Amino acid sequence: MVDRSSKEKLDYSMRLMALVLGLAVKSVKEYRGKEGISRLKQTFAKAGMDLGRAEKRRLKLSRNAKGLHRIEEEALKAFNIKYKVMKLSNENYTLRVYNCPHGENFKNTGAPAEVCDVFLGLDEGIVKSLNPKLEFTLTKHILRGDKYCEYVVRPVKTSKG
């Protein structure tokens, strides 16, 4: 039996997770269309809310965009992801991700671009758990041809402005 390094084990686990999630999203898209993808994303968002509440308690976070950055930063560092914070305040957060292993693994498995939309439902839920007056959007997307992914958190737009 080959003894693998922690990095090799993590890489293998990430590739396997990408394959499974990619297949699930591809199947839902094929058989249930946009409605199926929307429901799957909602499921991930609910799980993200639970995760966000747990991380808020664990890390003793503030209920704002800076709190989200603390959560994101832990994951980014754990997965050795290159990133740059473009903006960070209590209500605004813009993060660029340059070498997302999830995106690369999804691309390598031929998963549809919606796989990231579903997966990032987790981030949407985390944001809502921290502060329902903030929203999460993905403005750039590697699987859709951009050079990096860009996450933006900002105050929810209301009819008053």
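If the condition is being among the aromatic types (Phe, Trp, Tyr) and closer than 16 Å to GLY125 by Cα, then segment 55-101 contributes only TYR93.
The rows are residues; the columns are (1) of a type in the set (S, T, N, Q); (2) within 21 Å of LEU95 (Cα to Cα); (3) touching a residue at least 24 places away in the same chain (Cβ under 8 Å); (4) not in a loop (DSSP other than H, G, I, E, B).
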residue: LEU23; (1), (2), (3), (4): no, no, yes, yes
residue: ARG32; (1), (2), (3), (4): no, no, no, yes
residue: ALA47; (1), (2), (3), (4): no, no, yes, yes
residue: LEU68; (1), (2), (3), (4): no, yes, yes, yes
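Okay, residues lined up against (1) surrounded by 18 or more Cβ atoms within 10 Å (Cβ to Cβ); (2) free of Cβ contacts under 8 Å to residues at least 12 places away in the same chain; (3) outside any helix (DSSP H, G or I):
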site: ASP3; (1), (2), (3): no, yes, yes
site: GLU35; (1), (2), (3): no, yes, no
site: GLN42; (1), (2), (3): no, no, no
site: GLY52; (1), (2), (3): yes, no, no
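Looking at segment 91-115, which of its residues are in contact with a Gly (Cβ under 6 Å, 6 or more places away or on another chain) and assigned to a loop (DSSP other than H, G, I, E, B)?
First pass over segment 91-115, keeping only residues in contact with a Gly (Cβ under 6 Å, 6 or more places away or on another chain): 106, 109, 111, 115.
The one that is in contact with a Gly (Cβ under 6 Å, 6 or more places away or on another chain) and assigned to a loop (DSSP other than H, G, I, E, B): ALA111.
Is at least one residue of segment 42-56 modelled with pLDDT of 90 or more, of a type in the set (Phe, Trp, Tyr) and over 13 Å from the mean Cα position of the chain (by Cα)?
Step one: list which residues in segment 42-56 are modelled with pLDDT of 90 or more, which gives 42-56.
With of a type in the set (Phe, Trp, Tyr) added as a condition, the list becomes 44.
In the following step, the residues that additionally are over 13 Å from the mean Cα position of the chain (by Cα) were identified as none.
Looking through segment 42-56, none of the residues is modelled with pLDDT of 90 or more, of a type in the set (Phe, Trp, Tyr) and over 13 Å from the mean Cα position of the chain (by Cα).
Can you tell me which of LEU68, LEU61 is touching a strand residue (DSSP E or B) at 6+ places or on another chain (Cβ under 8 Å) and of a type in the set (A, V, I, L, M)? Step through it out loud before you land on a result.
Working: LEU61 fails: touching a strand residue (DSSP E or B) at 6+ places or on another chain (Cβ under 8 Å).
Step by step, each of LEU68, LEU61 is checked, and only LEU68 is touching a strand residue (DSSP E or B) at 6+ places or on another chain (Cβ under 8 Å) and of a type in the set (A, V, I, L, M).
The values are calculated or read from the model by the stated rules, or taken from the named source; none is laboratory data. In this text, all values refer to a predicted model and were calculated from it rather than measured experimentally. Counting neighbours? That spans all protein chains shown, and the Cβs are built from the backbone with ideal geometry, glycine included.
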